[in-house]
Amino acid sequence: MHRILLENVRVYTNHGCLDEEALIGSEYRVDLEVTTDLTKSSKTDDLKDTVDYVYLNKVIKEEMAIRSKLLEQVAQRILDRIFKEEEMVLEATVKVSKLNPPLGGDVEKVTIQMSQSR
């Protein structure tokens, strides 16, 4: 099996339970790893024989644009779309990180990681 990784996809959006988060938003980072078979595409050099990372980035951006209180819901939506729309994906792991979360302390990020497989 092979992997495609999208790392450090940066998104500014408005997730969170606090009213201020809904109004002003904050920075998020998404990392996505999908497992698939790249044998055919490595030989054919044809986009139709692989999982298009442009498509994966589009799913991330679209799902991150939909407001949620919890990062868990956003991460699950990303996984659900990928498994519904991309047959070649066998496994996926997504990490959604809120950068500089409002925790009352110096915290770089908080991350939710979720994995799913067929």
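The values are calculated or read from the model by the stated rules, or taken from the named source; none is laboratory data. If you're wondering where the values come from, they're calculated on a predicted model, not measured in any experiment. When we count neighbours, we look across all protein chains shown, and the Cβ atoms used for this are built from the backbone with ideal geometry, even at glycine. For the accessible areas, the whole protein counts, side chains as well, though only heavy atoms, and no ligand, DNA or RNA atoms are used. Shrake-Rupley method; radii C 1.70, N 1.55, O 1.52, S 1.80 Å.
Details
- Just the protein heavy atoms count here, and of the accessible area of the chain at 1.4 Å, carbon and sulfur take up 50 percent.
- Candidates per GluC sites (Glu not before Pro) in the range 1-109, loop by DSSP, up to 13 other Cβ within 10 Å: GLU87, GLU108
- Degrees between helix 53-64 axis and first principal axis of the chain (Cα, 0 to 90, nearest 10): 30
- Per-bin percent of Cα-Cα distances, the chain [10 Å]: 14, 44, 27, 12, 3, 0
- Share of Cα-Cα pairs in the range 1-67 lying beyond 19 Å, as whole percent: 46
- Given charges at Cβ of Lys, Arg, Asp, Glu: the range 29-118 dipole, positive-most of SER41, GLN76, PRO102: PRO102
- The chain, accessible area per residue, ligands and nucleic acids excluded (1.4 Å, Å²): 60
- Heavy-atom accessible surface of MET114, to the nearest 10 Å², is about 50 Å², with a 1.4 Å probe and all protein chains retained.
- Dipole moment magnitude, nearest 20 debye, the chain about Cα centre, only Lys, Arg, Asp, Glu C-beta charged: 80
- Computed over all pairs of different Cα atoms, the Kirkwood value for the hydrodynamic radius of the range 41-110 is 14.0 Å.
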